[in-house]
1. For residue 175 and residue 83 in one chain, what is 0.36 nm times their gap in residues minus the Cα-Cα distance, to one decimal in nm?
2. Between the stretch 36-66 and the stretch 104-182, what is the separation of their alpha carbon centroids in Å?
3. Let's test the formula: R0 of 22 Å, r as the Cβ-Cβ distance of residue 111 and residue 61. What FRET efficiency results, to the nearest 0.05?
4. Hey, rough spin-label estimate for residue 17 and residue 5, points 7 angstrom out along Cα→Cβ, what's it come to in nanometres?
5. Given the pairs 10/118; 28/100; 90/145, which span a C-alpha to C-alpha distance of over 25 angstrom in this model?
6. Listed highest first by mean packing, meaning other Cβ atoms within 10 Å per residue, what order do 85-91, 95-101 come in?
7. Can you list the aspartates and glutamates whose alpha carbon is less than 15 Å from that of residue 12, not counting same-chain residues fewer than 8 positions off?
8. What whole-number volume per residue, in cubic angstrom, does the convex hull of the C-alpha atoms of the stretch 5-136 give?
Amino acid sequence: KHVIAGSLGKWKLTAESGKYQQIEFEFKGVYAAITDASAPTVTLLSQLPAVWMNSYLNIQNYSAVIDKWDIDWETTVSQRDDATASTGIKGFVITDRSPKGSCDPEGESVATHDFFGKLLASTESVAGFTLGATSGNIIHISMPKIQYSDVNYGDRQGLQTFSVPYAINGNTGDDEIMMIFA
């Protein structure tokens with residue numbers, strides 16, 4: 001058994017049309033000695049992971065045609081050195097966070113959704129999507145305020161797309177993102 005005491009970190013979610021979503025984690029914590037332990041009893045579920053399709057999707061009040069959506073919960077985890085601790089490390093603390101993401105909507109007319117205008121105006125608005133469609137295997141992700149940080153042209157199999165990185169901003173405090181498992 002290997003315990004990483006007081007671990008803190010960051011995560012990144014990647015959802016791509018027709019594929020299983022992926023979540024990557026990176027954590028830091030204080031070392032604790034490895035011990036022998038019995039393997040836990042595991043009950044395997046017959047339910048498959050959710051594939052990203054047939055999804056509700058909203059980016060700044062616009063239902064775009066999107067293939068890929070990333071959320072990067074970027075944090076700075078700082079080590080707290082302590083000469084009195086047995087490992088020389090008292091622990092870790094999150095000293096900064098900068099949640100962001102990106103998506104790749106198909107190009108639209110300015111009248112439909114003005115990506116560049118919203119970038120220049122620093123518009124903040126809601127965004128979100130749903131992963132899965134089977135009860136017990138649905139994740140609703142919503143962000144009360146995202147703000148485009150850039151817009152670039154892209155190409156998806158001959159279709160014009162935009163590469164849209166965005167900042168995830170809080171609305172009234174620590175509420176940058178909400179995940180509901182249903």
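1. Length gained, residue 175 through residue 83: 29.5 nm.
2. 18 Å
3. E between residue 111 and residue 61, to the nearest 0.05, is 0.95.
4. Inter-label distance under the simple model: 5.0 nm.
5. Table pairs above 25 Å Cα-Cα are 10/118; 90/145.
6. Taking the mean over residues of other Cβ atoms within 10 Å, the ranking is 95-101, 85-91.
7. Partners within reach: 24, 26, 70, 72, 74, 176.
8. Numbers: hull volume 19.5 nm³, N = 132.
Spread over its residues, the Cα hull of the stretch 5-136 gives 148 Å³ apiece.
Computed from the coordinates by the stated procedures, all read-outs in this text should not be read as laboratory data. What you are looking at is a predicted structure, and each value in this text was computed from that prediction instead of being measured. Note: ideal-geometry Cβ built from the backbone for every residue, glycine included; neighbour counts use all protein chains shown.
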